[in-house]
Amino acid sequence: MSKDISIITVHGMGDTNPNYHHNLQSKLRRYVGKDLWDDKVHLESVFFQKHLQNNQEDYWNEIDDKYRLNWDFLRKFMLYSFSDAASIEHSLRNDLTLYKKVHHEIATAFDNALAAMGDPNKPVIVIAHSLGGEQVSNYIWDAMKGLRYFEEALGTDEEKEFRKFKTCKKFITTGCNIPIFRAGLDNPKLFERPNEQFIWDNYFDDHDVLAYPLKEMSEFFNVPWITDKNVKVGGILTAWNPASHGEYWTDRDVVKPIAQTIKELIT
């Protein structure tokens, strides 16, 4: 049976499990309602980390065996996390291979969503965490301008149009670190709005040092269809410190509004 709405998730930076979306999916299913979710909702997860992780693991194992470095946990976190961002950004400025692979993963998720719904007019919600927000932002920029991946993408005309966020009603970022990439620029630009119903909700916790509001970044970001939402996420051990960065997708202050949006779009 065809679905009425698709949710596309995009993970953040660092050592990532392919099942990263399971906790979010479980929470959303509970808040939406199990029967409604099972009948109407399709969830597609983007896993671009597979294009980086093997190289990171190989390098880490080599140096860890040879040098026995101190602060292993912190050093490995820094290597895996910031290598993701730096490697993809390097690819954008030099060899586009990795950059295009990331965009191909996002486009494939849209193809699978279209197949599950069987109708290019049905709605999509994209939920991206941390570095995933930067990757989706770059993807939309390129899609609107027909650049890089979109210059050579294969597929039917229907698939090509659907990949360009034509029915994406809401883009949700959590722990978004786009300002880390853009705040040093004179006047950072924003992608064109993909459609007239497109809304961007950006959730950030003020204890999360990797998460930032967006609207103050430049005049281009100060638009009515972007909303910065300051939330408190996490439990006793994480709510008061930077560990809150990993808590958005299980916190009711984030998940319940997303579930409400899903129900509004399908009922």
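Every residue in region 151-170 that is more than 18 Å from the chain's Cα centre (by Cα) and either acidic (D, E) or at pLDDT 95 or above (or both), please.
Correct list: E151, E152, D157, E158, E159, K160, E161.
Taking the conditions exactly as written (within 14 Å of F165 (Cβ to Cβ) and of a type outside the set (V, I, T)), does Y139 satisfy them or not?
It is true that Y139 is within 14 Å of F165 (Cβ to Cβ) and of a type outside the set (V, I, T).
Restrict the check to region 255-264 and report whether at least one residue is part of a loop (DSSP other than H, G, I, E, B) and either at pLDDT below 95 or under 24 Å from K122 (Cα atoms) (or both).
Checked region 255-264: no residue is part of a loop (DSSP other than H, G, I, E, B) and either at pLDDT below 95 or under 24 Å from K122 (Cα atoms) (or both).
Please work out which one of (1) more than 18 Å from the chain's Cα centre (by Cα); (2) modelled with pLDDT of 95 or more is the condition W200 fails and give its number.
It fails just one condition, (1).
Are there any pairs, at least 6 apart or on different chains, whose C-beta atoms fall under 9 Å, with the first in region 177-197 and farther than 12 Å from E134 by Cβ and the second of a type in the set (D, E) and assigned to a loop (DSSP other than H, G, I, E, B), and if so, which?
Hits for this filter: N187/E219.
For region 233-251, how many residues meet the condition of being surrounded by fewer than 17 Cβ atoms within 10 Å (Cβ to Cβ) and modelled with pLDDT under 95?
Residues flagged as surrounded by fewer than 17 Cβ atoms within 10 Å (Cβ to Cβ) and modelled with pLDDT under 95 within region 233-251 amount to 8.
The values are calculated or read from the model by the stated rules, or taken from the named source; none is laboratory data. Because the structure is a prediction, the values reported are computed rather than measured. With ideal geometry, Cβ positions are generated from the backbone for all residues, glycine too; neighbour counts draw on all protein chains shown.
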